[in-house]
Structures are given as C-alpha cells and as structure tokens.
1. Can you work out the base-10 log of I(q)/I(0) for the range 63-168 at q = 0.16, 0.21 1/Å, using the Debye formula on its C-alpha atoms alone?
2. Sort His66, His93, His185 so the one with the fewest other Cβ atoms within 10 Å of its own Cβ comes first.
3. Between Glu199 and Glu183, what length in nm is gained on full extension when 0.36 nm per residue of separation is reduced by their alpha carbon distance?
4. Within the range 38-133, which chymotrypsin sites (Phe, Trp or Tyr not before Pro) sit in a loop by DSSP and count at most 12 neighbouring Cβ atoms inside 10 Å?
5. Among all the aspartates and glutamates, which ones have a C-alpha under 19 Å from Lys213's C-alpha, if same-chain residues fewer than 8 places away are not counted?
6. For every helix of n ≥ 4 consecutive DSSP H residues, a contribution of -39,500 (n - 2.57) applies; sum these over the chain, divide by its total residues, and give [θ] at 222 nm rounded to the nearest 500 deg cm²/dmol.
7. Just rank Leu128, Leu119, Leu230, fewest to most, by other beta-carbon atoms within 10 angstrom.
8. When averaged across all projection directions, what area in nm² does the alpha-carbon convex hull of the range 1-146 cover?
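No lab work stands behind these numbers, since they all come straight from the coordinates. Small disclaimer: the values here were computed from a predicted structure and weren't measured. Virtual Cβ from ideal backbone geometry, glycine too; neighbours counted across all protein chains shown.
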Amino acid sequence: MRRPFVAGNWKMNMTRQSSVELAEAIAAGLSSDIDVAVCPPSVYLDAVSKSLAGSQVGIGAQNIYHEASGAFTGEISAEMILDLGCRYVILGHSERRNVLSESNADVNQKLKTALAAGLVPIVCLGELLEQREAGETLQVIQEQFDGSFEAITAEQMRSCVIAYEPVWAIGTGKVATPDQAEEVHADIRRIMTERFDSETADAVRIQYGGSVKPDNATELMSQPNIDGALVGGASLKADSFLAIISASQQTQTT
Ligand code: 13P
C-alpha cells in the first residue's frame, strides 16, 4: 500500500512573513497521518523550516543545481537545502522545462545529485496541450521518463516520487479528468515495470498536479494509481491545502 503524499509547490509567491504564517497554519490545522510537505521559495526555506520544527510537515526545495559547490552564480546545491532542513526537492517542473529550458539531461544530472545527497526527489513529467491534442501524450511521458531517469537503479527509483503534471492543466483551472490522469499514471507504472520490475513500479508514489482543488481532489485521489497531489495555487491558502490533504487521507481509508 502506497502512503499518500501531498506537497504544496509555492512557486515564486509569498513573502517571508506570509510564508511563516502559512506554514504555521498548515501545521496547526493538520489532522492526518499521510505525508505532507511544503516547497517554499528557496530564500524562505530557512524561516519556514524553523517555524515547522517538530511538526509533521516536511520541507522541499523547488530546484537544485547538480554541482556540489563552486563558481555557479545564483545556483543552490543539494547540501545547502539539506542544511536548511529539506527532505524533498522538486525536479523538472514544467515551468523549469518550458520557461527555463531545462532538458531531460539536466533533470537527470540533478536527480543523481539529489539521490546521492539523500534527498527525496519529486520528478515532474507532463505533456503540452498540443502534444495531447496530437495524441502524443504517452510517447512524451515515455521520453521524459527515459531521459530523466537514465542510468537510475531500481533501488534509487524506489527513493523517488513522480508527479504527473499535464502542462495544460497547470494554473489554468482546467483539471485533467480522473480518467485522463489515471490513464497516464497507469502508463507510468507500466513504464517502471518494463524498465525495472513490478515491485519497484508498485512502490513508487505518483502524484497528480494541475489545478487540484478541494472540490476535485477526492475524485482524483480515488483513482488506483494516483497517490497524492502536487498542488500549486490551492497550496497558498491553509484551508484549501488542508482540505486537499483530508481528501487524500479519506480516499486511503475508504
Ligand atoms: P496549480 O495547482 O496552480 O495548477 O499548479 C500545479 C503545479 O504546477 C504544482 O507543481
């Protein structure tokens, strides 16, 4: 049985003060025992980490650089985010792939660095609208998977979380239907079975991301291959994020 995992990706939002207030409100309102994390902007990781000390809410960064240290102006290493209390790191988010031109090879390098550092990577995969309309979704996911997880062992794979985030559903209010999401999630599990084995495929949690809200979370999380959510906009308010967490918890027990 995979333990549900709901993470909030705050992207480039919030202030130092509102970050701390949001983190505290989430920790105070949490009444479930599934895995929960918040991923604030890197400059607020320290403040959020301090305010969540001793709570059940984990912390993740939104990116790292693959090198350990050196002359890489503006970049942040795996060790640096570990030092601030992070357990997770989001890699290959579609905004990094599509806005900041990150390639599968870049994601793969960062993934190896994150795993070597003992972080839990949340690796994002997802197709563009034109790729879905052209019937290329499963092919795109396969290519992203192959490139992002190149030379990763089964044991390393079991330390990863995957987030399926169709790009056309991110920040648009156009959520994938439960059937559309489930089809891709099941396909990602098939890809992992073919590449590794069924134990590995069964063990890895696959979050859905893209306009997850309290009113659509239950139906999405009820799908057999959807193991939680990577939430953007609705994670910026404690009430809506907590409602999504409750929905994920309930689908585990029903
Ligand atoms: P929204 O929930 O705002 O659509 O964002 C999803 C996302 O990109 C999470 O990483």
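1. -0.69, -1.09
2. On the way: His66 19, His93 27, His185 22.
The order, fewest Cβ neighbours first, is His66, His185, His93.
3. Here the segment from Glu199 to Glu183 would lengthen by 3.8 nm.
4. The qualifying sites are Phe72.
5. Within the straight-line cut-off, Lys213 pairs with Asp35, Glu165, Asp179, Glu182, Asp227, Asp239.
6. Rounded to the nearest 500, the figure is -13000 deg cm²/dmol.
7. Leu128, Leu119, Leu230
8. For the range 1-146, the mean projected area of the Cα convex hull comes to 10.3 nm².
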